[in-house]
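**Student:** Take a look at the following structure, please.
The values are calculated or read from the model by the stated rules, or taken from the named source; none is laboratory data. Predicted model only: the values in this text are computed from it and were never measured. In this analysis, Cβ positions are derived from the backbone assuming ideal geometry, glycine residues included, and neighbour counts consider all displayed protein chains. Side chains included, ligands, DNA and RNA excluded: accessible areas come from the protein's heavy atoms. Shrake-Rupley method; radii C 1.70, N 1.55, O 1.52, S 1.80 Å.
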Amino acid sequence: MPTSILGPYTRTILTGAAIIGLLLFSFTYARVSVWIEVQPFFEWMETTWFGVIGKTWGAAFAFIEAIHLIGLALLGGSVIVGEGRILGFVFTDIPARTIIDRAHKVFFWALMTLLATGVFMACGVAMKIYYLPVYWYKMLALGTGILFHFCIRKPLLQRELEKINPWVTKAVAISSLMIWFTVAATGRWIGFSG
């Protein structure tokens, strides 16, 4: 079986490189030209049905926002339970594999809920969030979280947990907690900035 030049950690190295690339891009002037180029897209978002409904019917926006918050609670809970079990803080009497697999199912559907409701909410206030720097930080954190979860954490934890160095699993769990806390904190910061 041919091996990659990067060894057995090809996915991890490429994901880490992508995340570092995104971070470096966010600190360059190239992002300003991209930011200017996406403004027509944000203007268009406000003219879609989602944008019109979100701007004119406050009750619809509030209902979708409530669903968004429920999705956030489910995602946060699944991260805390999954990573807490890996760290040995919660549900130590239940096999780790059971907790990790069930937490991932909840995580996946919570993430889909957050993405769907987030698009609706973004359409309703597209130009407002376009000018908020914290919105772009949240998108960077969200992209990092999704890449980390599906390209590093999930493939690593699909192996037999007993064969993985405990320090590696604990480092992944702590990293996951930090990333998703950052996503939640920047999302809340958007609420304070508006």
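**Student:** With respect to Lys128, determine if the residue is touching a residue at least 24 places away in the same chain (Cβ under 8 Å) and buried (at least 19 other Cβ atoms within 10 Å of the Cβ).
**Tutor:** No.
**Student:** Given the criteria of a type in the set (A, V, I, L, M), part of a helix (DSSP H, G or I), more than 17 Å from the chain's Cα centre (by Cα) and within 20 Å of Ile129 (Cα to Cα), does Ala17 qualify?
**Tutor:** Against the criterion (of a type in the set (A, V, I, L, M), part of a helix (DSSP H, G or I), more than 17 Å from the chain's Cα centre (by Cα) and within 20 Å of Ile129 (Cα to Cα)), Ala17 does not qualify.
**Student:** While we're on this one: Between Leu115, Leu75, Leu111, which is in a helix (DSSP H, G or I), open to solvent by 60 Å² or more (accessible area, probe 1.4 Å) and under 22 Å from Cys151 (Cβ atoms)?
**Tutor:** The conditions single out Leu115.
**Student:** Follow-up question, since we're still on this one. Just need a number here: residues in segment 1-27 that are at pLDDT below 80 and farther than 21 Å from Ser175 by Cα.
**Tutor:** Total meeting the criteria: 8.
**Student:** For segment 152-175, give me each residue that is open to solvent by less than 40 Å² (accessible area, probe 1.4 Å), under 22 Å from Ile19 (Cα atoms) and not small (Gly, Ala, Ser).
**Tutor:** Once the filter is applied, which keeps residues that are open to solvent by less than 40 Å² (accessible area, probe 1.4 Å), under 22 Å from Ile19 (Cα atoms) and not small (Gly, Ala, Ser), segment 152-175 yields Ile152, Arg153, Pro155, Leu156, Leu157, Thr169, Val172.
**Student:** Can you confirm whether Ile129 is more than 21 Å from Val32 (Cβ to Cβ), assigned to a helix (DSSP H, G or I) and not basic (Lys, Arg)?
**Tutor:** The answer is no for Ile129.
**Student:** Suppose we filter Phe148, Phe120 for residues that are assigned to a helix (DSSP H, G or I) and closer than 20 Å to Val79 by Cβ; which single one remains?
**Tutor:** Within the list Phe148, Phe120, the selection yields Phe148.
**Student:** Given the options Val81, Val90, name the one that is modelled with pLDDT of 90 or more and more than 22 Å from the chain's Cα centre (by Cα).
**Tutor:** Val90
**Student:** Determine whether Phe91 is aromatic (Phe, Trp, Tyr), part of a helix (DSSP H, G or I) and surrounded by 13 or more Cβ atoms within 10 Å (Cβ to Cβ).
**Tutor:** no
**Student:** While we're here: Among the residues of segment 40-63, are any crowded, with 16+ Cβ neighbours inside 10 Å, out of contact with any Ser or Thr (no Cβ under 6 Å at 6 or more places or on another chain), modelled with pLDDT of 95 or more and not hydroxyl-bearing (Ser, Thr, Tyr)?
**Tutor:** No, that holds for no residue.
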